[in-house]
There are 2 protein chains.
Amino acid sequence: MRHEFRKEMSLLEDTLTMLAHQSAKAMERAAASLKDANLALAEQVIDADHQIDFLEQNVDEMAISLLARQAPVAGDLRTVVSAMRLAATLERMGDLARHVAYIARGRFPQTAIEGATYELLTSMADEAAKVGKMVSELVENQDLSLARKIEENDEVLDNYHRQSFELVLNEDNSLTRQEVVDVVLLGRFLERYGDHAVSVSRRMVFLVTGLNTEHDSGPGTEEEILG
Amino acid sequence: MRHEFRKEMSLLEDTLTMLAHQSAKAMERAAASLKDANLALAEQVIDADHQIDFLEQNVDEMAISLLARQAPVAGDLRTVVSAMRLAATLERMGDLARHVAYIARGRFPQTAIEGATYELLTSMADEAAKVGKMVSELVENQDLSLARKIEENDEVLDNYHRQSFELVLNEDNSLTRQEVVDVVLLGRFLERYGDHAVSVSRRMVFLVTGLNTEHDSGPGTEEEILG
């Protein structure tokens, strides 16, 4: 029974790690498809999203089954509950990567935007991909120094997000309406991807240490940018 | 022990209901503040958000404590797990209402947008508020006919969302850049609010019936609008 339980716990963690890898891979590809107007790559991201959904569903079913049959306590309970929450967040990160890929695909054979705007948004997408990779390593290795790095690094994406608003709100920049819409949405998707990465890192801290830092955050950049 | 357990379960459900009420109230006020450029109301939404966060945290803590001490099974386990997931979604709906309030506050003493755009976006916000009210009643009464209504009704918000894109992408419409940004973001926030409402209604179906309809959905309007 005990042996069976440990085997199931380890399968749960492995599935979660696969999910984190896939979400990171999705953003890596979405960023590349945006940069090079690579239609095949954008399609790959879009098609692979159902695998991410399937892995999330797997984690949920395993977690509920473990709760029902094994009634885990203490650290094991934390792991099971955290796995469900992390899976939901990682699935959402995959969705955001897919949204980026939709935009890349929709503008093909052009890139979504050009000039200075292109530089800004592709840098932001690369940064999101970098964060996704850190998240994936954190989920796999539970190395909390990565959680700290992800938190600190979030300012980089926030800054890109601010810059994208400045660019768009400046009426002197000649952008088509479609470009304005793309910048606003890409900025939003990539910044949200970063927010979810921070949420994952806080949940990993909770999983490993039992300390809850989830609700320590302020209102974020939304207040500043929207209001 | 049994009596204590039922008391705790009922407290968990009451707290979740309070959370649903607050999220609905937040969108109702955010929609009104947007319509009338009502600064005080927008501020109220923004200030009240920490109460929503606090209620979510309460639900989570109660749920984990119940899992650890009472090891619920079958329908009770479903209720506890669903409560955690629902709380996360309802909290996010509150955040989206707050984002709408940021925009209303940021444009004061003007309204965020004018003319036909104003009509469209305020109608969309009213629709979101209506959906929020249905969600709140559904969580309180577990009346699954409301879940069906929320699902069916989602098309209304999706249509508004489509129309907002048509409006913004039409270069003949004279809109400032700020107005374009506001329309894109408001459309996104309100459509997401509706998506979360659908997610709540599917989770309520799972809670009440044990049937999982969570993963039945297609790609949504994003594919069509973005790509």
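The values are calculated or read from the model by the stated rules, or taken from the named source; none is laboratory data. These numbers were taken from a predicted model, which means no experiment stands behind them. Methodologically, a virtual Cβ is constructed for each residue, glycine included, from the backbone with ideal geometry; neighbour enumeration extends over all protein chains shown.
Assorted remarks:
- Taking segment B:114-134 as the range and being of a type in the set (D, E) and surrounded by 16 or more Cβ atoms within 10 Å (Cβ to Cβ) as the test, the residues that pass are B:D126, B:E127.
- Of the residues examined, A:E171 is not one that is modelled with pLDDT under 95, at the interface with chain B (Cβ under 10 Å from one of its Cβ atoms) and under 19 Å from the mean Cα position of the chain (by Cα).
- Per-region count, segment B:112-146, residues in contact (Cβ under 8 Å) with a residue 24 or more places away in the chain and either touching a Phe, Trp or Tyr at 6+ places or on another chain (Cβ under 9 Å) or assigned to a helix (DSSP H, G or I) (or both): 24
- The sole residue among B:A48, B:A26, B:A31, B:A40 that is more than 12 Å from chain A (Cβ to nearest Cβ), closer than 24 Å to B:A128 by Cα and without any contact (Cβ under 8 Å) to a residue 24 or more places away in the chain is B:A40.
- The residue pairs whose first member lies in segment A:1-21 and is over 13 Å from A:S136 (Cβ atoms) and touching a residue at least 40 places away in the same chain (Cβ under 8 Å), whose second member is surrounded by fewer than 10 Cβ atoms within 10 Å (Cβ to Cβ) and among the β-branched types (V, I, T), and whose beta carbons are closer than 6 Å, counting only pairs six or more residues apart or on different chains, do not exist in this structure.
- If you check A:R162, A:R188 for being surrounded by fewer than 20 Cβ atoms within 10 Å (Cβ to Cβ) and basic (K, R), only one passes: A:R162.
- Taken as a whole, segment B:112-123 holds no residue that is within 12 Å of chain A (Cβ to nearest Cβ) and under 14 Å from the mean Cα position of the chain (by Cα).
- Residue satisfying all of: in segment B:64-77; more than 8 Å from chain A (Cβ to nearest Cβ) and surrounded by 15 or more Cβ atoms within 10 Å (Cβ to Cβ); farthest from B:R202 (Cα to Cα) among these: B:Q70
- Residues of segment B:18-44 classified as over 18 Å from A:E223 (Cα atoms) and surrounded by fewer than 16 Cβ atoms within 10 Å (Cβ to Cβ), total: 1
- Given (1) assigned to a loop (DSSP other than H, G, I, E, B); (2) of a type in the set (D, E, K, R); (3) touching a residue at least 12 places away in the same chain (Cβ under 8 Å), number of the condition B:E171 does not satisfy: (3)
- Filtered residue count, segment B:1-56, keeping only those that are part of a helix (DSSP H, G or I) and under 22 Å from B:P109 (Cα atoms): 21
- Residue that is farthest from B:L120 (Cα to Cα), among those in segment B:54-63 that are at the interface with chain A (Cβ under 9 Å from one of its Cβ atoms) and surrounded by 18 or more Cβ atoms within 10 Å (Cβ to Cβ): B:A63
- Single match in B:E222, B:E179 (criterion: more than 10 Å from chain A (Cβ to nearest Cβ) and assigned to a helix (DSSP H, G or I)): B:E179
- Test: B:L90 is within 14 Å of B:A20 (Cα to Cα), within 12 Å of chain A (Cβ to nearest Cβ), buried (at least 24 other Cβ atoms within 10 Å of the Cβ) and not basic (K, R): no
- Lone unmet requirement of (1) over 13 Å from A:S199 (Cα atoms); (2) in contact (Cβ under 8 Å) with a residue 12 or more places away in the chain; (3) more than 13 Å from every other protein chain (Cβ to nearest Cβ) for A:L96: (3)
- Failed condition for B:P109, given (1) in contact with a Pro (Cβ under 6 Å, 6 or more places away or on another chain); (2) in a loop (DSSP other than H, G, I, E, B): (1)
- When B:A97, B:A112, B:A125 are screened for being in contact with a helix residue (DSSP H, G or I) (Cβ under 9 Å, 6 or more places away or on another chain), of a type in the set (G, A, S) and modelled with pLDDT under 95, only B:A112 passes.
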